[in-house]
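Down below is the structure, laid out as structure tokens.
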Amino acid sequence: MLNIPLIGLKADQFRHPLDLEATNTLKQLPGLDLMVRQLLGQLGEQFFMLENLASSVQVGENQLPHLHQLLVEACKTLDLEVPQLYVRQHPMPNAYTFAMRGKQPFVVMHTSLIDLLTDEEVKAVIGHELGHLKCEHGVYLTLANLIVLAAGQISPLGTVLAQGLQAQMLEWLRCAEFTCDRAALLATQDPRVVASVLMKLAGGSPTLAPKLNVDAFLAQARAYDDLSSSELGQMLKQAQTAQLSHPVPVLRAREIDRWASSKDYESLLARSGSVCYDGETKTKGGWRNW
């Protein structure tokens with residue numbers, strides 16, 4: 001299904017507020033962004049390119065063309081240049097992306113994840129990973145890891161400081177996942193598709209996936225909200241999620257369901273195809289990451 005192309009879409013227009021705050025803080029660290037890109041970018045990109053070519057199937061017009069078409073559609077919707085897409089044999093449902101210098105970005109999807117999903121749900125996963133590229137999360141994740149590593153070398157307060165920074169990094173990672181779920185919604189423009197992906201990640205299998213109920217899962221998400229609304233519930237929820245790199249699936253489903261009903265989401269779709277320059281709205285074409 002073709003969706004409304006969001007020409008001129010900027011990353012900050014769909015970032016989760018907590019992700020935006022944390023990312024802006026990282027951007028204020030002088031010189032580190034450039035250092036990570038220059039020192040680690042080329043090495044990392046070359047390493048992963050060789051790894052992907054050696055151990056995965058590269059998707060293209062002549063290889064798994066239906067997946068390539070989903071990638072192209074998602075990129076057009078999110079106004080992003082098309083990265084490389086690879087499919088890797090793996091029993092754990094997962095997808096990931098990497099781009100440090102922006103020259104060789106790629107997305108990898110595991111076969112076990114593709115087996116769980118419909119085509120629209122695959123597009124949602126692709127959109128989620130494109131959100132990481134659009135927001136340049138790879139750079140800031142590396143920065144966060146470097147900060148934690150450096151802090152750990154400082155004695156005697158280094159260990160305590162590193163633990164604090166590690167907690168902050170994980171919190172930022174969880175916020176970044178909320179942002180990329182929004183990118184998944186923009187790519188599919190159907191919140192039920194995104195919620196279905198999260199439901200299948202929580203408790204899906206190739207045999208169970210067609211039988212799962214999205215409405216029941218969203219009701220489960222609301223029940224999770226109700227149980228964790230008390231002071232004790234908040235404490236238990238924080239303790240359960242403090243060491244996680246991703247928010248729990250029901251929380252992600254609730255967040256995307258709420259954002260799909262927001263004026264921010266509606267305005268992004270309503271303003272599609274136009275970009276504002278100095279107060280003047282003009283039509284702008286092309287796939288560019290601004």
Could you work out the local net charge near residue 23, counting Lys and Arg as +1, Asp and Glu as -1, over the other residues with Cβ closer than 10 Å to its Cβ? -2
Could you please report the charge total around residue 52, scoring K, R as +1 and D, E as -1 over all other residues with beta-carbon less than 13 angstrom from its beta-carbon? -1
Near residue 182, within a Cβ-to-Cβ distance under 12 Å, what is the net charge of the other residues, with Lys and Arg +1 and Asp and Glu -1? -3
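Where a number appears in this text, it was derived from the coordinates with a stated rule and is not lab data. Everything numeric in this text was worked out from a predicted model, so none of it was measured. Cβ: placed from backbone, ideal geometry, glycine included. Neighbour counts: every protein chain shown.
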